[in-house]
Structure formats: C-alpha cells, structure tokens
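Notes to accompany the following structure.
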Amino acid sequence: MYALKVQNVTKTFGNLRAVDDVSFSIPEGSIFGLIGRNGAGKTTTIRMMMNIYLPDSGEIVLQGSKIGQEFKDMVGYLPEERGLYRKMKVLETLLFFSELKGKKGKGLEKRANELLEKFQLIDRRNSKVEDLSKGNQQKIQFIATILHEPEFIILDEPFSGLDPINTNLLKEIILDLKKQGKVIIFSTHLMDFAEKMCDHIAMIDKGKIIMNGSLPEIKSKYSQRNVSINYSGDISFLKGNPIIEKIADYGNSTGIKVKEPQDVQQLLKILVNNNISISKFNANEITLQEIFIELAGDEIVTNTYSEVKHV
Amino acid sequence: MFNRRTLTIIKRELREKVLTRSFIVMTLLVPLLFVGLIFIQIYLISYDSNTTASLKIISETNILTQSMQKQFSQFPPVESNHYKISYLTMSKKDFDLKLPSMKKDLLSEKLTGIVFVPKSVDSVKLLDYYSKNPNNNSLFDKIKSPINKALIDVHFEGKKLSNKEISYASENVNFSGYRMTEGKHIKAEGEGNQALSFIFSFLLYLSLLFSGTIIMRSVIQEKNNKIVEVLLSSLDSKELMSGKIIGSAITALAQMAIWLLPLMLIISTSWIALPPNFALDVTLFQIFYVLMNFFIGLITFLGLFAMVGSIFDNDQDAQSSIWPLMLLIIIPLYIGISMQNNPEGMIGKVASMFPFASIMVMPARMALVDVPIWQFIVAIAVNLGTMFLVFPFAGKIYRIGILRSGKKPSWNEVIKWLKYKY
C-alpha cells in the first residue's frame, strides 16, 4: 500500500528543467530516502510534494486524490535551511507553528514541554530563539516539525550541524516515529545515512530519477559480481587481468567488479598470492555510495566523502 | 484567503508589532514632535520680534521728518525700545556729502541702516535704504506700514480731508474667511483647519512610510531566515501575505486612531478648549472617514511594500529599488500641503480622488473645504478598485519572490515572473 505517489512530475524555471518527469511511490510506514547530490532537484521535488510549488505537469497523489491543504496539515517539514523567528520565545515558536497546522490547547503545550524535556531544552523554553546555540535552534526546529503529530514527516538533511550525541538522539526519535506508523521522508546527499536508515530509496540526478525501489532489492540487484575490500599494499597489478571488469577507489574501501560470478573466488586467490594484506573482503556487497557513483558518475566522490566525515 | 491560518499569522504579527517598545515610543514620539515643531515656530516668531535695530531716518523736508516722528512714536518696537530711531532733515545734496562720514557706523553695525526720504515721495513712493544688509525684508515688512502712514499724512495735509478719511485711506486690506457648506450655517473660518489639513497629510505620510518599511523588512527577514519555507509547508502564500498585511494594517490603524484621539476629544467634548481663531470645523464622521480611507489605501500600499520585500535578499537592494513606491507617497504629501493655498484647484481636486493619492490628499482637502459626499464615495471606490487591481500582481510576484534567492533580479525578470505557473 502506497501512502503517497509522485506521478510524472516536471518543473522548469525559465530554461532550467529542475525536475524532469519524476515518478516514485512512498510505501506506508516506511522511511523513504530521496538521495542525490546538491542541486539534483531534491528540494524542488519536496516543495512540489508540499504544494509549495505547482508542478508544470504531473501530480502528487495522496490516497487516491491530488494533494491540497489537508495534506499540509498532515505534514511536518524540516527544511534544509532552518528558519525560526529570532525574536520569538522557544515555547511561543513551537505553539505558533502547531497552531498553523490547526493544533492548539493545553494538551499541545504539555506535549511541547515533554519534547523540550527529551531534548534537554526545558529550561530554555522562555528564552528567545536568538539566544540559543545553533545546535539547540536546530533541535527546536525539529520539535516544531513533529509537535503537531503529523502523519508524514519530511526531513531535508536533518543531521547537518548536529553533534554525535544529538545525531543519535534524533535517529532514535526517527525510528520511534517509524514504529508509530508515521511515514518519514528523508532527503539527503549523505549516502551513508540513507543506507543505515532508509527502507526505500529514490535516487535523483540532474532532475531525473535514476533508480528507485526498496533498499535490499536495489542492493541485491547491484551487488552481484561486486566485491568490496579493505586492504593494504599495491593492487595495481589487477589492472588488465582478464577476470576484472572495473576497479573503483572510494577512499575508505575499494569496489571491484569481476566479469563472472565465479570469478570472486579467483580474485581472492590472486590477492592472497600477491601478498596483499586483506582486512575486509565482502563478496556480493555494495554500498549505496558505490551504486550512486556507478549510475551518476564519480564527480561526487571527494565531495561526498569529505562531508560524510564531518558528521 | 481569510481563515484560521491567516488568523494565526495576524495574531503573531500583532504580538510582534503592537506589544513592543518601538510601537509605544513611536506612538508617543510623533505627537511630541508636533508639539515641538509648534514651540520652535513660536520661539522663532518671538525671537524675530525681539530683534533690535538702530535706524536714521533722513528726510528732505521738515514736514516729512515730523510726520515720521509722529508715526514711529506709536510703533511698538520703538515703544518697547527694540528699535532706536533718530530723525534728521537735510537736502539730497547735503546727504550725499555727509554719507561718507556715516559709513563707519554702518559698517560696524552701530547703525543698522539709513532711510533717506526724498521730496519726490509725494508723487512716487520710493525711498533709499543704506545698510551693510540692504535686502532686510523682515525690517522692511515692519517699517513699511508706519512710513506709508506718514507719507499719506503729509500727502493729504491741507486737502480738506478729515482724519477719519485719512486713516481709512492708510489702512491695509484684510480678509476674514467664511466657509460655505451645504448646511445652513455660514461659519467664520479660523486657522485651526489649515493646521488640521497639515496634520492629516503629515500623519498619514509618516504612517504609510513607517508601516511600509516595516513590512518590507519583515518580508526580507522571513525570506533570509528561511522561515518562509517552513510557513509555506503549512499555508499558502496568499494566506501568509494577507495575514501579514492585515496584521500590519491593524497596527497602523490603531496607531493612527491614537494620534487622532485628542482631535476626537476636542470636537466631541468640552475638555480641551481651543482659542477661537483655532477652532476646528471637522466632524467625527469625517475622522472615521479618514481612518477608513486610510485603512483601505494602506492595505494596497502594504501589498506593494511586501511585494518589493519579496523580490530582494537584503535591505540595501530593496531600498535602492523602492523609489517608484516612495514617489507614490511623497507626491501626494506635497499636493496635500501645497493645497493650502488653493484647495479647490484642479490638481487638488483630482488628486483627492486619484489612486494612491486620495489617502492623503482627500483628508487634507476635506479639512479646508466642504467636499461633496459623492467625491468621498468616489475616493473610497477608487481606493477599493486599486486594491483589487494591485493584489493579483503583487500576490503573484510575492509568491515567486519569497522562494528565490541569489542574484538581484532586474525589473524585466520580475515582469516575467507574472507568466510563471506556480
């Protein structure tokens, strides 16, 4: 059962075709990842899903009918660039955003206090937003996203700028929301996170969907004949070997594709015979990162890795 | 366009704008500014009447000298010792010879000036004035009248005219204004309504300028802080824009009502008594009309200011591109103020019913002349019409502008936005 369907959506700005005939479906109760590099069309797609932009053609369908205001009330949206009124007080801010979604009252305030407690911000509830640190402002923004108990939670790059402890806290809460049956939609360029958290993935590049489906399906499709290794030594002798189709260096691991499935054992043998010290050898294993690069080209490699390391 | 989401935005705007120190300061400061301006004017006038001068009046005949002496002895600045005048009789020839010896006193300003009254004044009223500052208009304005009276006295001397006739001939012409209205009463007009006309123009101008700039800044800030994207995930841009505009308009209206409150008290109660020549001829209905006309026009203006705010990423760019909008506020202010000279002039009449201008010009004109009811109605209708014409454009540009950032767009690009499907 699909909760939300994006059907043949296109959006152009002047001469730029930002989103080009994009379709994907988001299953109920899943964590869905929309991944792609910066400028690929993720935010434009999300804005259309939120009814902020109207698509030039195509439509977004929620349980059989085109989305409108009622969908907005069911969504909690954490945009990539956070936005809060700097002069407003924390609790006031939270209640304001929920009131826009049509939720107010004593119960809401109680829930706001509980969430502030959970994020260790309860003592700051009457502080002005501008007096909070950037990390804390981000936590406030996240609380504002989920306070009105939305059915759909759209998170655009939710972990950027959070320290490891808060990253873990956020992950726990996201998984908790999943358990409650909420649909969580991630947009990120961090493949590592998408791989760890998402059940379903759509990859977008230059405005087009280049791949989509459930994560295990995708992985098994792309992992055949693929070996991921960590080693020390020089493997340049592999180049030109008849069993090797491709070698790709991803920095902290190396992906090797062999020509036939039975060549995997042969590869291990060659490596051992050449005195390569192997610390990891994963047959039929591929990372999301590797799949993305295979599909979209490798200009992203250094960029993405350096960003991954920051998190 | 108006629903619970708009209401939530309005509430937030009001909380942010009305319950602030700057609102209270501004509300109190403007009337103080007016009182201050009045005091400065009074001070300048009294300062001017306290200036001293020392004059020599030299006439060619004895009769002229005596007549001058007689008139100036009743001249208030002389009586109060601010003016010191000495009188001499000598011929033009002697005067020309003596002038060099008086030069020193004139240059050191021991002597303010010398008035030479030639015999020819009996036919041509032209006198000579010698001074370091020969274009002293404020002095001329003061001494003209006694000199004229002295000349008239001499001219009609022995012509069998009674003193009464002579004093009639030497009087200046004065006007007292009566305002003709549809009503039965014909009232004498004081200076109160002229002041009122000015106050209306100026308050409306200030309020438009301030609330416009504030909403423009607030839109830029929401855009810069990226709050707008969070807001648009809950409501659409029309709801957001109308909520912001209504919130700002209510704030400005409340402020205007507070400013006009003393006026309403003056005309509806006897708590504050004005001197008779400052009596105000204005009705409560007219003040409510001013507020209503202002509110409608303000909404249009705020829409345009919000639109400009949405186009730009920073205050500087917006300020440098806002001049067309500023002209729409400044030109009516000038028309409103210059109308004091002739309120029934063509420009004033048309401007009081013209889009944008009517907000300021109609109240200014209404204070000066009796405006027919149909013109009040036309002004309101024109204002409403303008509002409905402006909003589809302003709303569309706002919708597109608030979500874009980066390079400052040209007006051509902005016009292209109107064709976008969003």
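The values are calculated or read from the model by the stated rules, or taken from the named source; none is laboratory data. Quantities reported herein were computed from a predicted structural model and do not represent experimental measurements. A quick note on method: Cβ atoms are made from the backbone with ideal geometry, for glycine too, and the neighbour counts reach across all protein chains shown. Surface accessibility is based on the protein's heavy atoms, side chains included, excluding ligands, DNA and RNA. Shrake-Rupley method; radii C 1.70, N 1.55, O 1.52, S 1.80 Å.
Tabulated values for the structure
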{"item": "The range B:1-40, residues that are polar (S, T, N, Q) and either touching a residue at least 60 places away in the same chain (Cβ under 8 Å) or away from chain A (no Cβ under 13 Å) (or both)", "result": "B:ASN3, B:THR6, B:THR8, B:THR27"}
{"item": "Residue list for the range A:50-80, restricted to those being closer than 13 Å to B:LEU232 by Cβ and either in contact with a Ser or Thr (Cβ under 7 Å, 6 or more places away or on another chain) or without any contact (Cβ under 8 Å) to a residue 12 or more places away in the chain (or both)", "result": "A:MET50, A:ILE52, A:TYR53, A:LEU54, A:LYS72, A:VAL75, A:TYR77"}
{"item": "Selection status of B:MET360, more than 14 Å from chain A (Cβ to nearest Cβ) and either open to solvent by less than 40 Å² (accessible area, probe 1.4 Å) or among the charged types (D, E, K, R) (or both)", "result": "yes"}
{"item": "Selected residue (only one of B:LEU55, B:LEU33, B:LEU14, B:LEU29 is under 20 Å from B:GLY247 (Cβ atoms) and modelled with pLDDT of 80 or more)", "result": "B:LEU14"}
{"item": "Options B:ILE250, B:ILE258, B:ILE227: the member that is free of Cβ contacts under 8 Å to residues at least 12 places away in the same chain and either over 30 Å from A:GLU80 (Cα atoms) or within 14 Å of chain A (Cβ to nearest Cβ) (or both)", "result": "B:ILE227"}
{"item": "Strands (runs of 3 or more DSSP E) wholly inside the range A:191-263 that include at least 1 residues being open to solvent by 70 Å² or more (accessible area, probe 1.4 Å)", "result": "A:208-214, A:226-232, A:244-249"}
{"item": "Selection from the range B:61-86 of residues that are over 17 Å from B:LYS149 (Cα atoms), part of a strand (DSSP E or B) and not basic (Lys, Arg)", "result": "B:TYR83, B:SER86"}
{"item": "For B:SER46: the one exception among (1) over 19 Å from B:LEU261 (Cα atoms); (2) within 14 Å of another protein chain (Cβ to nearest Cβ); (3) open to solvent by less than 100 Å² (accessible area, probe 1.4 Å)", "result": "(2)"}
{"item": "Residue in the range A:104-118 that is under 22 Å from B:GLU239 (Cα atoms), more than 10 Å from chain B (Cβ to nearest Cβ) and outside any helix (DSSP H, G or I) present", "result": "no"}
{"item": "Residue in the range A:28-35 that is closer than 19 Å to A:PHE142 by Cα, within 7 Å of chain B (Cβ to nearest Cβ) and buried (at least 22 other Cβ atoms within 10 Å of the Cβ) present", "result": "no"}
{"item": "Test set (1) under 33 Å from the mean Cα position of the chain (by Cα); (2) assigned to a strand (DSSP E or B) - B:ILE58 fails condition number", "result": "(1)"}
{"item": "Flag if A:GLU59 is open to solvent by 60 Å² or more (accessible area, probe 1.4 Å), touching a Lys or Arg at 6+ places or on another chain (Cβ under 6 Å) and either part of a helix (DSSP H, G or I) or more than 8 Å from chain B (Cβ to nearest Cβ) (or both)", "result": "yes"}
{"item": "Any chance B:LEU28 is over 24 Å from A:GLY102 (Cβ atoms) and outside the structural domain of B:ASP141 (by TED's automatic domain parsing)", "result": "yes"}
{"item": "Index of the failed condition, A:GLU59 passing every other in (1) more than 29 Å from B:ASN224 (Cβ to Cβ); (2) in contact with a helix residue (DSSP H, G or I) (Cβ under 7 Å, 6 or more places away or on another chain); (3) not β-branched (Val, Ile, Thr)", "result": "(2)"}
{"item": "Test for B:LYS419: is it open to solvent by 30 Å² or more (accessible area, probe 1.4 Å), within 13 Å of chain A (Cβ to nearest Cβ) and closer than 23 Å to B:VAL228 by Cα", "result": "yes"}
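One line per residue, one yes/no per condition, for (1) open to solvent by 50 Å² or more (accessible area, probe 1.4 Å); (2) within 9 Å of chain B (Cβ to nearest Cβ):
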{"residue": "A:THR44", "(1), (2)": "no, no"}
{"residue": "A:ARG47", "(1), (2)": "no, yes"}
{"residue": "A:PRO79", "(1), (2)": "no, yes"}
{"residue": "A:LYS87", "(1), (2)": "yes, yes"}
{"residue": "A:GLU99", "(1), (2)": "no, yes"}
